[in-house]
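Rule-based calculations on the coordinates, nothing more; no lab input. Since we're looking at a predicted model, the values are computed, not measured. Here the Cβ positions follow ideal geometry from the backbone for every residue, glycine too, while neighbour counts run over all protein chains shown.
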Amino acid sequence: MAVRTTELRLSTQGDGDTVDITAEFQQAVAEAGIEDGQATAFVRGSTAAITTMEYEPGGVHDLAVMLDRLIPAEGDYEHNRLNHDTNSHAHQRASVVGPSQTVPVVRGRLQLGTWQQVVLLDFDDRPRERTVVIQVVD
């Protein structure tokens, strides 16, 4: 079993910025040169997440609205109180969504559905530089 690791670096706007990373994820798989296995995308940091979705304006909007209802930016958060901070909602949203996705690879291609993309969600309350670690295993 071989493991190949690469990093994707990108700038985000924060505040729920949703970035489609599917093409870069597939490119990492292609560069790894495997036929069959698994690929994982993991974002470093406690205020960002990775998930799959239909990446289109309506879906992006609906996800943001749902997360705002579930975990509002304005709230009575102990993290903010203890740390004189303003981004507890970002930590909570990232925890709920999760930091990674693993996708099967068959014949060198990520096995995503027709309308399924892999996206990075940045929930922090300011722009950030993000690193996604991609590992491909055969």
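General observations
- Neighbour-limited loop hits for trypsin sites (Lys or Arg not before Pro), region 1-64 (at most 15 other Cβ within 10 Å; DSSP other than H, G, I, E, B): Arg44
- Per residue of the chain, the DSSP helices (runs of n ≥ 4 H) give a summed -39500 (n - 2.57) that works out to -9000 deg cm²/dmol at 222 nm.
- Between the helical axis of 57-70 and the longest alpha-carbon principal axis of the chain there is an angle of about 50 degrees.
- Within region 27-104: Cβ-based charge dipole about Cα centre, in debye rounded to nearest 20 (Lys, Arg +1; Asp, Glu -1): 260 debye
- The phi torsions of region 76-81, fed into the Karplus equation with coefficients 6.51, -1.76 and 1.60 and a -60° offset, translate into couplings of 8, 10, 4, 4, 5, 5 Hz, rounded to whole numbers, with Gly and Pro shown as x.
- The chain: angle of helix 22-32 to the longest principal axis, Cα-based, in degrees nearest 10: 40 degrees
- Helix 88-97 and the longest principal axis of the Cα set of the chain meet at an angle near 30°.
- Normalising the average separation of contacting C-alpha pairs (under 8 angstrom, six or more residues apart) by the number of residues puts the relative contact order of the chain at 54 percent.
- Given the choices (i) 1.11; (ii) 1.37; (iii) 0.99, Cα Rg over 2.2 N^0.38 Å derived from the coordinates of this structure is entry (i).
- Around the Cα centre of the chain, unit charges on the Cβ atoms of Lys, Arg, Asp and Glu (plus for the first two, minus for the last two) sum to a dipole of about 320 debye.
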